[in-house]
Amino acid sequence: MSLSVARSELILGGQKSGKSRRAEALAAAWLAASPKHSALLIATAEAHDEEMRARIARHQSDRAARVPRLQTWEEPRDLAAALEKHGAAETLIVVDCLTLWLTHWLFGQDENLKQKEALAHGWQAQAALFFEVLAKTPGPVALVGNEIGLGVIPLGSQVRAFVDALGLVNQQAAQVCDRVTLMAAGLPLTLKEVP
């Protein structure tokens, strides 16, 4: 069975649910459809410790083995600018992931309190700009994000605020994307499909 590529798709799920693998499969299907097609992964992860550096290196190696023509561009914060720069009719863009992107905005590393407060207030404007640019991007886009609101209510106001913010970002993405897929145990469940 061949995988169809939507104009825009939000892929949600828990950790190790198969979200990134689905995005890679979409990129592979897009690349196989035409020699003129290209695919780019916009990675939002940053390596702040040795474990994360090793994790990123492993993901890069595995991704290169599975989808050799999928290029990577690292952009932890300015997704709107990255989409504007790289969006093209013949290019499928994968954004992996919205959750880490929001984390950078709400929990900036090594920044003073004033900068952190400014970032915490700036994410709504960045999200609005990102979704505006997403609607104008000429080629297909696959967004990867975590669905973390299915567990217990987290302790601590900062964590609850993050879960709330991510829920809002996921709702905004689901509203503008043509397809929304929930991944569980490596299996896709289509939540929304615009014909």
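The values are calculated or read from the model by the stated rules, or taken from the named source; none is laboratory data. In this text the structure is predicted, and so the values were computed from the model without any measurement. FYI the Cβ positions are ideal-geometry reconstructions off the backbone, even for glycines, and counts take in every protein chain you see. With ligands, DNA and RNA removed, areas are computed over all heavy atoms of the protein, side chains included. Shrake-Rupley method; radii C 1.70, N 1.55, O 1.52, S 1.80 Å.
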Check: To the nearest 10 Å², what's LYS85's accessible area with a 1.4 Å probe?
Finding: 130 Å²
Notebook entry, point to check: In degrees from 0 to 90, rounded to the nearest 10, what is the angle of the helix 50-66 Cα long axis to the longest principal axis of the chain?
Noted result: 10 degrees
Next item on the list: Report the calculated FRET efficiency for VAL152 and LEU129 (r = Cβ-Cβ distance, R0 = 30 Å), to the nearest 0.05.
Entry: 0.35
Next item on the list: Take PHE162, PHE130 and sort them by solvent-accessible surface of the protein heavy atoms, 1.4 Å probe, largest at the top.
Entry: PHE162, PHE130
Check: What FRET efficiency would be calculated for the residue pair GLU193, LYS16, taking the C-beta separation as r and a Förster radius of 30 Å, to the nearest 0.05?
Finding: 0.75
Next item on the list: Kindly rank 89-100, 50-61 from highest to lowest mean number of other beta carbons found within 10 Å of each residue.
Entry: 89-100, 50-61
Next item on the list: Please work out, to two decimal places, the log10 of the ratio I(q)/I(0) at q = 0.08, 0.09 Å⁻¹ from a Debye calculation in which every Cα of the chain carries one identical scatterer.
Entry: -0.25, -0.32
Check: So how tilted is helix 157-176 from the main axis of the chain? Cα-based, degrees 0 to 90, rounded to 10.
Finding: 30 degrees
Next item on the list: Compute log10 of I(q)/I(0) for region 1-57 with the Debye formula, placing one identical point scatterer on every Cα and leaving out solvent, at q = 0.15, 0.22, 0.23 Å⁻¹, to two decimals.
Entry: -0.58, -0.99, -1.04
Notebook entry, point to check: Can you give the angle from 0 to 90° between the axis of helix 19-33 and the longest principal axis of the chain, with both taken from C-alpha atoms, to the nearest 10?
Noted result: 30 degrees
Note to self: For region 1-83, what does the accessible surface come to per residue with a 1.4 Å probe? Please give it in Å².
What the structure shows: 53 Å²
Notebook entry, point to check: Got a number for carbon plus sulfur as a percent of the chain's accessible area, 1.4 Å probe?
Noted result: 57 percent
Next item on the list: Sort the following peptides by mean Cβ neighbour count (other Cβ atoms within 10 Å, averaged over residues), highest first: 11-20, 70-79, 176-185.
Entry: 11-20, 176-185, 70-79
Note to self: Below 9 angstrom from the Cβ of THR44, what's the summed charge of the other residues (Lys, Arg +1; Asp, Glu -1)?
What the structure shows: -3
Notebook entry, point to check: Of VAL169, VAL159, VAL67, which is the most mobile in a GNM of the chain whose springs link Cα atoms less than 10 angstrom apart?
Noted result: VAL159
